[in-house]
Amino acid sequence: MSLRKFITSGIQDVLDSKLGGLSGNKQQQQQQCNNSSSSLNSNHQPQQDYNMNPGGYPNQPYGNAGYGGMPPQQPGYGNAGYDPYGQGQAPYPGGGGGQPPYPGGNQGGYPGQGGPGYPQPPQYGFAGNQGGYPPQPQPGYPQQHHNQQPSYPPQQSYQQGGPQGGPQGGFFPNQGYGQPVMIGTPSLFPVPGFNANADAEVLRKAMKGLGCNNSKVISVLCQRTNGQRQEISKAFKVMYGKDLIKELKGELHGDFEDLILALMDAPAIYDAKQLYKAMDGLGTKESVLIEIMTSRTNAQIQQVRDAYKMLYKKDLERDLIGETSGHFKRLLVSLCAGGRDESNQTDPLRANQDARRLYQAGEKRLGTDESTFNAILASQNFNQLRMVFEEYQKVSNHSIEKAVEAEFSGDVRDGLLAVIAVVRNRPAYFAKLLHDSMKGLGTRDNDLIRLCVTRAEYDMADIRNMFQSLYRTSLENMIKGDCSGAYKEGLIALVNGNRG
(Lines give C-alpha, C1' and ligand atoms only; values in the text may rest on other atoms or scores of the structure.)
Protein backbone atom coordinates (compact mmCIF):
# COMPACT_ATOMS: atom_id res chain seq x y z
CA MET A 1 0.00 0.00 0.00
CA SER A 2 1.36 3.39 -0.92
CA LEU A 3 1.84 6.12 1.70
CA ARG A 4 -0.84 8.24 0.19
CA LYS A 5 -3.43 5.46 0.32
CA PHE A 6 -2.44 4.68 3.91
CA ILE A 7 -3.05 8.28 5.04
CA THR A 8 -6.33 8.52 3.15
CA SER A 9 -7.58 5.32 4.70
CA GLY A 10 -6.69 6.49 8.20
CA ILE A 11 -8.56 9.75 7.76
CA GLN A 12 -11.59 7.89 6.43
CA ASP A 13 -11.61 5.59 9.50
CA VAL A 14 -11.51 8.57 11.87
CA LEU A 15 -14.39 10.33 10.07
CA ASP A 16 -16.49 7.16 10.08
CA SER A 17 -15.88 6.73 13.78
CA LYS A 18 -16.90 10.31 14.63
CA LEU A 19 -19.93 10.45 12.38
CA GLY A 20 -21.12 7.12 13.63
CA GLY A 21 -21.00 8.33 17.25
CA LEU A 22 -22.98 11.47 16.44
CA SER A 23 -25.55 9.51 14.53
CA GLY A 24 -25.94 7.12 17.43
CA ASN A 25 -26.47 9.97 19.89
CA LYS A 26 -28.99 11.58 17.62
CA GLN A 27 -30.93 8.36 17.28
CA GLN A 28 -30.84 7.91 21.05
CA GLN A 29 -32.18 11.45 21.65
CA GLN A 30 -34.90 10.91 19.07
CA GLN A 31 -35.96 7.70 20.83
CA GLN A 32 -36.15 9.52 24.19
CA CYS A 33 -38.22 12.29 22.67
CA ASN A 34 -40.65 9.76 21.15
CA ASN A 35 -41.02 8.00 24.49
CA SER A 36 -41.72 11.30 26.26
CA SER A 37 -44.29 12.28 23.67
CA SER A 38 -46.04 8.94 24.03
CA SER A 39 -46.18 9.34 27.78
CA LEU A 40 -47.74 12.83 27.51
CA ASN A 41 -50.28 11.71 24.96
CA SER A 42 -51.27 8.74 27.08
CA ASN A 43 -52.07 11.12 29.96
CA HIS A 44 -54.02 13.48 27.63
CA GLN A 45 -51.60 16.36 28.34
CA PRO A 46 -50.93 18.90 25.55
CA GLN A 47 -47.45 19.18 24.21
CA GLN A 48 -45.46 22.27 25.03
CA ASP A 49 -45.12 24.49 21.94
CA TYR A 50 -41.96 26.47 22.48
CA ASN A 51 -42.69 28.65 19.46
CA MET A 52 -45.52 30.24 21.47
CA ASN A 53 -43.10 31.67 23.98
CA PRO A 54 -41.41 34.75 22.49
CA GLY A 55 -38.76 34.69 25.20
CA GLY A 56 -37.42 31.36 23.96
CA TYR A 57 -37.90 29.70 27.37
CA PRO A 58 -40.70 27.45 28.47
CA ASN A 59 -42.60 28.74 31.51
CA GLN A 60 -40.71 27.38 34.48
CA PRO A 61 -41.04 27.87 38.21
CA TYR A 62 -38.30 29.93 39.88
CA GLY A 63 -35.14 28.01 40.55
CA ASN A 64 -35.38 25.68 37.54
CA ALA A 65 -31.85 24.52 37.09
CA GLY A 66 -32.24 24.21 33.40
CA TYR A 67 -32.99 27.90 33.01
CA GLY A 68 -30.92 29.53 35.71
CA GLY A 69 -33.86 30.53 37.91
CA MET A 70 -35.48 32.81 35.34
CA PRO A 71 -38.95 33.84 36.51
CA PRO A 72 -41.94 33.23 34.32
CA GLN A 73 -42.55 35.92 31.75
CA GLN A 74 -45.92 37.57 32.26
CA PRO A 75 -47.77 38.48 29.11
CA GLY A 76 -47.98 42.23 28.54
CA TYR A 77 -45.64 43.15 31.40
CA GLY A 78 -42.26 42.27 29.99
CA ASN A 79 -39.81 42.18 32.86
CA ALA A 80 -41.81 44.29 35.28
CA GLY A 81 -40.94 43.71 38.89
CA TYR A 82 -37.93 41.54 38.09
CA ASP A 83 -34.44 42.80 38.62
CA PRO A 84 -31.90 40.47 36.98
CA TYR A 85 -29.02 42.57 38.32
CA GLY A 86 -29.99 42.44 41.96
CA GLN A 87 -30.66 46.19 42.23
CA GLY A 88 -33.99 45.87 43.99
CA GLN A 89 -37.59 46.13 42.96
CA ALA A 90 -38.21 47.99 39.75
CA PRO A 91 -39.88 51.38 40.37
CA TYR A 92 -43.55 51.92 39.91
CA PRO A 93 -44.41 53.57 36.66
CA GLY A 94 -43.50 57.24 36.95
CA GLY A 95 -42.56 56.86 40.55
CA GLY A 96 -38.79 56.87 40.43
CA GLY A 97 -38.64 53.97 42.90
CA GLY A 98 -40.15 53.36 46.29
CA GLN A 99 -43.85 53.32 47.00
CA PRO A 100 -46.38 54.10 44.30
CA PRO A 101 -47.99 57.56 44.47
CA TYR A 102 -51.35 57.89 46.13
CA PRO A 103 -54.18 57.64 43.67
CA GLY A 104 -54.86 61.06 42.22
CA GLY A 105 -52.12 62.57 44.32
CA ASN A 106 -49.63 65.22 43.38
CA GLN A 107 -46.17 63.74 43.84
CA GLY A 108 -43.70 65.81 45.72
CA GLY A 109 -46.05 68.30 47.32
CA TYR A 110 -49.55 69.32 48.20
CA PRO A 111 -52.38 68.23 45.99
CA GLY A 112 -52.52 70.44 42.94
CA GLN A 113 -54.59 73.56 43.23
CA GLY A 114 -56.31 75.27 40.41
CA GLY A 115 -58.41 78.26 39.82
CA PRO A 116 -58.21 81.89 40.82
CA GLY A 117 -55.89 82.15 44.72
CA TYR A 118 -57.14 81.82 45.67
CA PRO A 119 -59.10 78.82 45.55
CA GLN A 120 -54.57 78.63 42.64
CA PRO A 121 -55.97 79.63 45.81
CA PRO A 122 -58.95 78.64 42.23
CA GLN A 123 -55.58 78.67 44.33
CA TYR A 124 -54.78 82.23 44.12
CA GLY A 125 -52.35 82.72 46.33
CA PHE A 126 -54.28 84.80 44.33
CA ALA A 127 -51.28 81.75 44.69
CA GLY A 128 -48.97 80.04 43.52
CA ASN A 129 -46.41 81.24 42.82
CA GLN A 130 -48.21 81.36 44.44
CA GLY A 131 -45.12 77.50 50.96
CA GLY A 132 -47.23 74.78 49.56
CA TYR A 133 -48.94 77.55 47.70
CA PRO A 134 -48.95 78.77 44.62
CA PRO A 135 -44.93 78.12 44.12
CA GLN A 136 -43.62 79.63 47.13
CA PRO A 137 -44.12 80.75 48.24
CA GLN A 138 -47.26 81.30 46.62
CA PRO A 139 -49.19 83.90 47.96
CA GLY A 140 -51.70 84.75 45.77
CA TYR A 141 -52.42 88.32 44.39
CA PRO A 142 -52.54 83.09 46.55
CA GLN A 143 -48.57 79.02 43.17
CA GLN A 144 -47.34 82.18 42.79
CA HIS A 145 -46.28 79.51 42.11
CA HIS A 146 -43.98 77.95 43.33
CA ASN A 147 -45.77 76.57 41.30
CA GLN A 148 -47.20 80.14 44.41
CA GLN A 149 -49.29 81.49 45.09
CA PRO A 150 -50.20 84.49 45.46
CA SER A 151 -47.82 91.88 41.06
CA TYR A 152 -46.66 95.17 39.96
CA PRO A 153 -43.97 96.18 37.65
CA PRO A 154 -40.72 96.68 39.46
CA GLN A 155 -39.87 100.17 40.25
CA GLN A 156 -36.64 101.78 40.55
CA SER A 157 -38.16 104.81 39.04
CA TYR A 158 -41.34 102.87 39.47
CA GLN A 159 -41.43 101.10 36.16
CA GLN A 160 -42.69 97.81 34.98
CA GLY A 161 -40.53 94.82 34.39
CA GLY A 162 -37.46 93.99 36.35
CA PRO A 163 -35.36 91.28 37.77
CA GLN A 164 -36.98 87.93 38.04
CA GLY A 165 -36.13 85.72 40.92
CA GLY A 166 -37.36 83.46 43.62
CA PRO A 167 -37.53 83.54 47.34
CA GLN A 168 -33.88 82.54 47.62
CA GLY A 169 -32.67 85.90 46.38
CA GLY A 170 -34.86 88.05 48.56
CA PHE A 171 -38.58 88.75 48.64
CA PHE A 172 -40.33 89.26 45.36
CA PRO A 173 -44.07 89.85 45.51
CA ASN A 174 -46.24 88.22 42.89
CA GLN A 175 -46.53 89.70 39.46
CA GLY A 176 -49.88 88.02 38.81
CA TYR A 177 -50.46 87.35 42.28
CA GLY A 178 -48.27 84.43 41.31
CA GLN A 179 -45.07 85.20 39.52
CA PRO A 180 -42.20 86.86 41.38
CA VAL A 181 -41.20 90.40 40.49
CA MET A 182 -39.73 93.28 42.49
CA ILE A 183 -41.69 96.49 42.06
CA GLY A 184 -40.61 98.49 45.03
CA THR A 185 -39.85 98.05 48.68
CA PRO A 186 -42.55 96.22 50.65
CA SER A 187 -43.03 96.50 54.39
CA LEU A 188 -43.89 92.83 54.89
CA PHE A 189 -41.44 90.08 53.97
CA PRO A 190 -41.74 86.31 54.46
CA VAL A 191 -40.72 85.52 58.04
CA PRO A 192 -37.59 83.33 58.21
CA GLY A 193 -38.14 80.05 60.02
CA PHE A 194 -41.89 80.42 59.58
CA ASN A 195 -43.90 77.74 61.41
CA ALA A 196 -47.60 77.63 60.54
CA ASN A 197 -48.43 75.23 63.37
CA ALA A 198 -46.78 77.44 65.99
CA ASP A 199 -48.64 80.52 64.71
CA ALA A 200 -51.93 78.61 64.66
CA GLU A 201 -51.35 77.66 68.28
CA VAL A 202 -50.70 81.30 69.23
CA LEU A 203 -53.97 82.34 67.61
CA ARG A 204 -55.85 79.52 69.34
CA LYS A 205 -54.58 80.62 72.75
CA ALA A 206 -55.34 84.29 71.93
CA MET A 207 -59.01 83.45 71.24
CA LYS A 208 -59.47 80.89 74.01
CA GLY A 209 -61.58 81.83 77.01
CA LEU A 210 -63.27 85.15 77.61
CA GLY A 211 -62.32 87.94 75.23
CA CYS A 212 -59.55 87.94 72.68
CA ASN A 213 -55.92 88.94 73.00
CA ASN A 214 -55.82 91.36 70.07
CA SER A 215 -52.10 92.00 70.45
CA LYS A 216 -51.35 88.33 69.81
CA VAL A 217 -53.57 88.36 66.72
CA ILE A 218 -51.71 91.43 65.42
CA SER A 219 -48.30 89.91 66.18
CA VAL A 220 -49.14 86.96 63.94
CA LEU A 221 -51.50 88.04 61.16
CA CYS A 222 -50.19 91.58 60.66
CA GLN A 223 -46.59 90.38 60.51
CA ARG A 224 -46.92 87.55 57.97
CA THR A 225 -47.26 87.62 54.20
CA ASN A 226 -50.49 86.56 52.55
CA GLY A 227 -49.08 83.20 51.55
CA GLN A 228 -48.02 82.51 55.13
CA ARG A 229 -51.46 83.52 56.42
CA GLN A 230 -53.05 81.00 54.09
CA GLU A 231 -50.80 78.30 55.53
CA ILE A 232 -51.70 79.34 59.07
CA SER A 233 -55.39 79.05 58.18
CA LYS A 234 -54.88 75.51 56.88
CA ALA A 235 -52.80 74.51 59.89
CA PHE A 236 -55.48 75.87 62.26
CA LYS A 237 -58.15 73.72 60.64
CA VAL A 238 -55.94 70.62 60.71
CA MET A 239 -54.94 71.09 64.35
CA TYR A 240 -58.26 72.16 65.87
CA GLY A 241 -60.94 71.15 63.39
CA LYS A 242 -62.20 74.72 63.18
CA ASP A 243 -62.23 77.38 60.50
CA LEU A 244 -59.89 80.23 61.45
CA ILE A 245 -61.90 82.92 59.66
CA LYS A 246 -65.11 81.91 61.43
CA GLU A 247 -63.29 81.95 64.74
CA LEU A 248 -61.92 85.43 64.03
CA LYS A 249 -65.37 86.69 63.09
CA GLY A 250 -66.72 85.45 66.39
CA GLU A 251 -63.97 87.08 68.46
CA LEU A 252 -63.27 90.41 66.72
CA HIS A 253 -65.42 93.48 66.19
CA GLY A 254 -65.64 96.74 64.28
CA ASP A 255 -62.87 98.13 62.08
CA PHE A 256 -60.31 95.77 63.60
CA GLU A 257 -62.39 92.80 62.45
CA ASP A 258 -62.64 94.29 58.94
CA LEU A 259 -58.85 94.75 58.84
CA ILE A 260 -58.02 91.20 59.94
CA LEU A 261 -60.58 89.59 57.62
CA ALA A 262 -59.19 91.64 54.71
CA LEU A 263 -55.75 90.21 55.48
CA MET A 264 -57.09 86.68 55.34
CA ASP A 265 -58.37 86.99 51.76
CA ALA A 266 -55.97 86.18 48.94
CA PRO A 267 -55.21 89.40 47.03
CA ALA A 268 -57.23 88.68 43.87
CA ILE A 269 -60.19 87.54 45.94
CA TYR A 270 -59.99 90.71 48.00
CA ASP A 271 -59.82 92.96 44.92
CA ALA A 272 -62.79 91.15 43.38
CA LYS A 273 -64.80 91.65 46.57
CA GLN A 274 -63.92 95.35 46.68
CA LEU A 275 -65.01 95.84 43.05
CA TYR A 276 -68.29 94.05 43.67
CA LYS A 277 -68.96 96.07 46.80
CA ALA A 278 -68.26 99.31 44.90
CA MET A 279 -70.93 98.44 42.31
CA ASP A 280 -73.47 96.72 44.54
CA GLY A 281 -76.67 98.45 45.53
CA LEU A 282 -77.67 101.99 44.67
CA GLY A 283 -74.93 104.10 43.20
CA THR A 284 -71.37 103.20 42.31
CA LYS A 285 -68.17 104.12 44.13
CA GLU A 286 -66.14 105.08 41.09
CA SER A 287 -63.02 105.92 43.10
CA VAL A 288 -62.58 102.25 44.04
CA LEU A 289 -63.00 101.15 40.43
CA ILE A 290 -60.40 103.70 39.36
CA GLU A 291 -57.90 102.77 42.08
CA ILE A 292 -57.95 99.04 41.35
CA MET A 293 -58.30 99.08 37.57
CA THR A 294 -55.58 101.68 36.95
CA SER A 295 -52.93 100.25 39.28
CA ARG A 296 -52.96 96.48 38.61
CA THR A 297 -50.87 94.64 36.05
CA ASN A 298 -52.28 92.61 33.17
CA ALA A 299 -51.78 89.35 35.07
CA GLN A 300 -53.46 90.74 38.18
CA ILE A 301 -56.43 92.02 36.22
CA GLN A 302 -56.92 88.61 34.64
CA GLN A 303 -56.83 86.95 38.05
CA VAL A 304 -59.30 89.48 39.44
CA ARG A 305 -61.64 88.70 36.56
CA ASP A 306 -61.34 84.98 37.26
CA ALA A 307 -61.94 85.50 40.98
CA TYR A 308 -64.94 87.75 40.29
CA LYS A 309 -66.55 85.12 38.09
CA MET A 310 -65.83 82.39 40.63
CA LEU A 311 -67.32 84.38 43.53
CA TYR A 312 -70.35 85.94 41.86
CA LYS A 313 -70.95 83.89 38.70
CA LYS A 314 -70.85 87.15 36.76
CA ASP A 315 -68.51 88.79 34.29
CA LEU A 316 -66.56 91.76 35.65
CA GLU A 317 -66.48 93.60 32.33
CA ARG A 318 -70.22 93.23 31.91
CA ASP A 319 -70.85 94.62 35.39
CA LEU A 320 -68.52 97.56 34.74
CA ILE A 321 -70.44 98.33 31.55
CA GLY A 322 -73.75 98.12 33.40
CA GLU A 323 -72.64 100.42 36.23
CA THR A 324 -70.81 103.14 34.28
CA SER A 325 -71.37 105.13 31.11
CA GLY A 326 -69.81 107.23 28.41
CA HIS A 327 -66.07 107.59 28.00
CA PHE A 328 -65.46 106.52 31.60
CA LYS A 329 -67.05 103.17 30.75
CA ARG A 330 -64.80 102.86 27.69
CA LEU A 331 -61.71 103.57 29.77
CA LEU A 332 -62.64 100.90 32.32
CA VAL A 333 -63.37 98.35 29.58
CA SER A 334 -59.95 99.07 28.04
CA LEU A 335 -58.23 98.58 31.39
CA CYS A 336 -60.29 95.48 32.20
CA ALA A 337 -59.02 93.83 29.01
CA GLY A 338 -55.58 93.64 30.62
CA GLY A 339 -53.80 94.26 27.34
CA ARG A 340 -51.36 97.02 28.19
CA ASP A 341 -47.92 96.71 26.62
CA GLU A 342 -45.56 95.69 29.44
CA SER A 343 -42.36 95.44 27.40
CA ASN A 344 -40.96 98.83 28.55
CA GLN A 345 -39.45 99.38 25.13
CA THR A 346 -39.41 103.01 24.09
CA ASP A 347 -39.57 104.82 20.76
CA PRO A 348 -38.77 108.56 20.91
CA LEU A 349 -40.16 109.27 17.45
CA ARG A 350 -43.45 107.58 18.25
CA ALA A 351 -43.61 109.42 21.58
CA ASN A 352 -43.33 112.75 19.77
CA GLN A 353 -46.02 111.71 17.28
CA ASP A 354 -48.38 110.54 20.04
CA ALA A 355 -47.84 113.75 22.00
CA ARG A 356 -48.86 115.73 18.91
CA ARG A 357 -51.87 113.44 18.40
CA LEU A 358 -53.01 114.14 21.97
CA TYR A 359 -52.52 117.87 21.43
CA GLN A 360 -54.52 117.75 18.20
CA ALA A 361 -57.26 115.67 19.88
CA GLY A 362 -57.66 118.08 22.77
CA GLU A 363 -56.52 121.63 23.02
CA LYS A 364 -56.13 122.35 19.32
CA ARG A 365 -59.70 121.63 18.36
CA LEU A 366 -63.24 122.42 19.42
CA GLY A 367 -64.39 119.59 21.63
CA THR A 368 -62.22 116.62 22.52
CA ASP A 369 -61.46 113.36 20.77
CA GLU A 370 -61.60 111.22 23.90
CA SER A 371 -60.86 108.01 22.02
CA THR A 372 -57.32 109.19 21.21
CA PHE A 373 -56.54 109.77 24.88
CA ASN A 374 -58.06 106.38 25.75
CA ALA A 375 -56.12 104.54 23.03
CA ILE A 376 -52.75 105.92 24.10
CA LEU A 377 -53.07 106.04 27.89
CA ALA A 378 -54.69 102.60 28.28
CA SER A 379 -52.39 100.64 25.98
CA GLN A 380 -48.80 101.86 26.04
CA ASN A 381 -46.13 100.80 28.54
CA PHE A 382 -45.15 103.05 31.40
CA ASN A 383 -41.71 104.00 30.08
CA GLN A 384 -43.16 104.97 26.70
CA LEU A 385 -45.92 107.01 28.36
CA ARG A 386 -43.40 108.94 30.43
CA MET A 387 -41.66 109.85 27.20
CA VAL A 388 -45.02 110.90 25.69
CA PHE A 389 -45.68 113.14 28.71
CA GLU A 390 -42.28 114.80 28.29
CA GLU A 391 -42.94 115.40 24.60
CA TYR A 392 -46.39 116.80 25.38
CA GLN A 393 -44.80 119.32 27.74
CA LYS A 394 -42.55 120.48 24.88
CA VAL A 395 -45.37 120.67 22.38
CA SER A 396 -47.91 122.51 24.57
CA ASN A 397 -45.71 124.23 27.17
CA HIS A 398 -47.72 122.68 29.99
CA SER A 399 -48.26 119.26 31.59
CA ILE A 400 -50.48 116.50 30.34
CA GLU A 401 -52.38 116.70 33.66
CA LYS A 402 -53.36 120.30 32.94
CA ALA A 403 -54.64 119.31 29.51
CA VAL A 404 -56.78 116.48 30.93
CA GLU A 405 -58.22 118.76 33.62
CA ALA A 406 -59.14 121.32 30.96
CA GLU A 407 -60.55 118.91 28.39
CA PHE A 408 -62.36 116.34 30.54
CA SER A 409 -64.74 116.33 33.48
CA GLY A 410 -66.26 113.91 35.96
CA ASP A 411 -65.23 110.28 36.31
CA VAL A 412 -63.35 109.98 33.03
CA ARG A 413 -61.16 112.91 34.07
CA ASP A 414 -60.45 111.27 37.41
CA GLY A 415 -59.69 107.97 35.68
CA LEU A 416 -57.24 109.46 33.18
CA LEU A 417 -55.51 111.49 35.93
CA ALA A 418 -55.14 108.29 37.96
CA VAL A 419 -53.50 106.51 35.02
CA ILE A 420 -51.08 109.41 34.60
CA ALA A 421 -50.30 109.51 38.35
CA VAL A 422 -49.58 105.76 38.48
CA VAL A 423 -47.33 106.04 35.43
CA ARG A 424 -45.38 108.97 36.83
CA ASN A 425 -44.92 107.80 40.42
CA ARG A 426 -46.90 104.92 41.89
CA PRO A 427 -45.87 105.43 45.56
CA ALA A 428 -46.84 109.12 45.35
CA TYR A 429 -50.25 108.12 43.95
CA PHE A 430 -50.94 105.77 46.86
CA ALA A 431 -49.52 108.23 49.42
CA LYS A 432 -52.09 110.78 48.23
CA LEU A 433 -54.92 108.23 48.47
CA LEU A 434 -53.87 107.37 52.04
CA HIS A 435 -53.76 111.04 52.98
CA ASP A 436 -57.17 111.66 51.42
CA SER A 437 -58.69 108.75 53.37
CA MET A 438 -57.77 110.41 56.68
CA LYS A 439 -57.93 114.15 56.03
CA GLY A 440 -60.86 116.26 57.15
CA LEU A 441 -63.61 115.12 59.47
CA GLY A 442 -63.85 111.38 59.94
CA THR A 443 -61.87 108.59 58.34
CA ARG A 444 -62.78 106.60 55.25
CA ASP A 445 -61.90 103.34 56.98
CA ASN A 446 -62.68 101.01 54.08
CA ASP A 447 -60.28 102.95 51.83
CA LEU A 448 -57.61 103.08 54.54
CA ILE A 449 -57.84 99.33 55.18
CA ARG A 450 -57.76 98.49 51.46
CA LEU A 451 -54.71 100.64 50.81
CA CYS A 452 -52.72 99.28 53.76
CA VAL A 453 -53.63 95.65 53.07
CA THR A 454 -53.01 95.69 49.32
CA ARG A 455 -49.72 97.63 49.35
CA ALA A 456 -47.94 96.04 52.33
CA GLU A 457 -46.31 93.30 50.25
CA TYR A 458 -45.49 95.45 47.24
CA ASP A 459 -44.32 99.00 47.91
CA MET A 460 -45.51 100.18 51.33
CA ALA A 461 -42.00 101.20 52.42
CA ASP A 462 -41.76 103.47 49.35
CA ILE A 463 -45.25 104.85 50.00
CA ARG A 464 -44.33 105.50 53.64
CA ASN A 465 -41.24 107.48 52.60
CA MET A 466 -43.13 109.39 49.92
CA PHE A 467 -45.88 110.25 52.42
CA GLN A 468 -43.28 111.81 54.74
CA SER A 469 -41.83 113.79 51.85
CA LEU A 470 -45.17 115.10 50.57
CA TYR A 471 -46.97 115.89 53.84
CA ARG A 472 -44.15 116.58 56.32
CA THR A 473 -45.53 114.06 58.77
CA SER A 474 -45.21 110.33 59.02
CA LEU A 475 -47.93 107.96 57.90
CA GLU A 476 -47.74 106.33 61.32
CA ASN A 477 -48.46 109.62 63.09
CA MET A 478 -51.42 110.39 60.87
CA ILE A 479 -52.88 106.92 61.57
CA LYS A 480 -52.39 107.48 65.31
CA GLY A 481 -54.31 110.74 65.07
CA ASP A 482 -57.26 109.23 63.21
CA CYS A 483 -57.60 105.69 64.57
CA SER A 484 -57.56 103.99 67.95
CA GLY A 485 -57.25 100.69 69.78
CA ALA A 486 -56.31 97.40 68.13
CA TYR A 487 -57.41 98.80 64.76
CA LYS A 488 -54.76 101.50 64.99
CA GLU A 489 -52.08 99.04 66.12
CA GLY A 490 -52.90 96.65 63.28
CA LEU A 491 -52.60 99.38 60.63
CA ILE A 492 -49.31 100.62 62.07
CA ALA A 493 -47.97 97.04 62.10
CA LEU A 494 -48.68 96.79 58.36
CA VAL A 495 -47.15 100.18 57.60
CA ASN A 496 -43.97 99.62 59.60
CA GLY A 497 -43.68 95.98 58.53
CA ASN A 498 -41.68 93.12 60.00
CA ARG A 499 -38.14 94.29 59.29
CA GLY A 500 -37.90 96.58 62.31
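Enter the mean projected area of the convex hull around the alpha-carbon atoms of segment 267-337, in nm², rounded to one decimal. Display every interim value, and only then the final one.
Details: hull surface 16.3 nm².
Its Cα hull, projected and averaged over all orientations, spans 4.1 nm².
Could you tell me the accessible area of ARG413 in Å² (1.4 Å probe, neighbours in place), rounded to the nearest ten?
80 Å²
Which percent of the accessible area of segment 341-500 is formed by carbon and sulfur heavy atoms (probe 1.4 angstrom)?
Its accessible area is 45 percent carbon and sulfur atoms.
Over all directions, how big on average is the projection of the convex hull of the alpha-carbon atoms in segment 443-497, in square nanometres? Please list the in-between numbers first.
Details: hull surface 13.7 nm².
Mean shadow area of the hull around the Cα atoms is 3.4 nm².
Per the 1.4 Å probe, what fraction of the accessible area of segment 196-264, in percent, lies on carbon and sulfur atoms?
48 percent
Probe of 1.4 angstrom, ligands and nucleic acids ignored: what's the accessible area per residue over segment 267-337, in square angstrom?
Working: 2990 Å² over 71 residues.
Ligands and nucleic acids excluded, the figure is 42 Å² per residue.
Would you list, by chain and number, the lysines whose Cα falls below 17 Å from the Cα of LYS234, excluding same-chain residues fewer than 8 positions away?
Straight-distance partners of LYS234: LYS205, LYS242, LYS246, LYS249.
What does the accessible area of GLU342 come to, in Å² to the nearest 10, when a probe of 1.4 Å is used?
60 Å²
Read phi for every residue in segment 198-208 and hand back ³J(HN,Hα) as whole Hz from Karplus 6.51 cos²θ - 1.76 cosθ + 1.60, θ = phi - 60°, with x for Gly and Pro.
My calculation for segment 198-208 gives 5, 5, 4, 5, 4, 5, 4, 5, 5, 9, 7 Hz in order.
How big is the charge dipole of segment 301-405 about its Cα centre, in debye rounded to the nearest 20, if each Lys and Arg gets +1 on its Cβ and each Asp and Glu gets -1 on its Cβ? Write down the numbers at each step before the final one.
Working: 16 positive and 16 negative charges, 35 e Å.
For segment 301-405, the charge dipole is close to 180 debye.
Among LYS432/LYS480; LYS402/LYS439; LYS439/LYS480, which pairs are too far apart, with a Cα-Cα distance over 19 Å? All intermediate terms of the calculation are to be shown ahead of the outcome.
Numbers: LYS432/LYS480 17 Å; LYS402/LYS439 24 Å; LYS439/LYS480 13 Å.
Too far apart for the 19 Å limit: LYS402/LYS439.
For VAL395 and ASN477, compute 0.36 nm times the residue count separating them, minus their Cα-Cα distance, and round to one decimal in nm.
On the way: separation 82, 0.36 × 82 = 29.52 nm, distance 4.23 nm.
Full extension of this stretch gives 25.3 nm more.
To the nearest 20 debye, what charge dipole does segment 346-500 have about its Cα centre, counting +1 at the Cβ of each Lys and Arg and -1 at the Cβ of each Asp and Glu?
Numbers: 21 positive and 21 negative charges, 64 e Å.
Its charge dipole is roughly 300 debye.
I need the phi-derived Karplus couplings for segment 336-353: 6.51 cos²θ - 1.76 cosθ + 1.60, θ = phi - 60°, integer Hz, Gly and Pro marked x.
My calculation for segment 336-353 gives 5, 5, x, x, 5, 5, 10, 7, 6, 6, 10, 9, x, 5, 5, 4, 5, 5 Hz in order.
Give me the 1.4 Å probe accessible area per residue for segment 348-424, excluding ligands and nucleic acids, in Å². If you can, show how the numbers build up before the last one.
Working: 3450 Å² over 77 residues.
That works out to 45 Å² per residue.
In sequence order, what are the phi-derived ³J(HN,Hα) couplings for segment 264-277 according to the Karplus relation 6.51 cos²θ - 1.76 cosθ + 1.60 with θ = phi - 60°, rounded to whole Hz, with x for glycine and proline?
Each residue of segment 264-277 in turn: 7, 7, 5, x, 5, 4, 5, 4, 4, 5, 5, 5, 5, 4 Hz.
Mean projection of the alpha-carbon convex hull of segment 170-320 over all orientations, in nm²?
On the way: hull surface 41.7 nm².
That works out to 10.4 nm².
Top to bottom by accessible area (1.4 Å), largest first, where do MET387, MET239, MET279 land?
From most exposed to least exposed: MET239, MET387, MET279.
Filter LYS313/LYS488; LYS237/LYS329; LYS237/LYS313 down to the pairs with a C-alpha to C-alpha distance above 31 Å, please. Numbers along the way, then the final one.
On the way: LYS313/LYS488 36 Å; LYS237/LYS329 43 Å; LYS237/LYS313 27 Å.
Cα-Cα > 31 Å for LYS313/LYS488; LYS237/LYS329; rest within.
Any idea what Rg and Dmax come out to for segment 348-424 if you just take the C-alpha atoms, in Å?
Spelled out, the Cα radius of gyration and Dmax of segment 348-424 are 11.1, 32 Å.
Which one, GLN468, ALA493, ILE479, projects farthest toward the positive side of the charge dipole computed for segment 426-496 from Cβ point charges (K/R +1, D/E -1)?
Going by the charge dipole, the pick is GLN468.
Run the dipole for segment 247-328 about the Cα centre, Lys and Arg Cβ at +1, Asp and Glu Cβ at -1, nothing else charged, and hand back the magnitude in debye, nearest 20. Spell out each step's value before the answer.
Values: 10 positive and 15 negative charges, 76 e Å.
So the dipole magnitude of segment 247-328 works out to roughly 360 debye.
Which value, in Å² and to the nearest 10, is the accessible area of THR185 when all protein chains are kept and the probe is 1.4 Å?
Result for THR185: roughly 60 Å² accessible.
The values are calculated or read from the model by the stated rules, or taken from the named source; none is laboratory data. The structure displayed is predicted, hence computed values, not measured ones. Note that we place each Cβ from the backbone using ideal geometry, even for glycine, and neighbour counts take in every protein chain shown. These area figures cover heavy atoms from the full protein model, side chains too; ligands, DNA and RNA do not enter into them. Shrake-Rupley method; radii C 1.70, N 1.55, O 1.52, S 1.80 Å.
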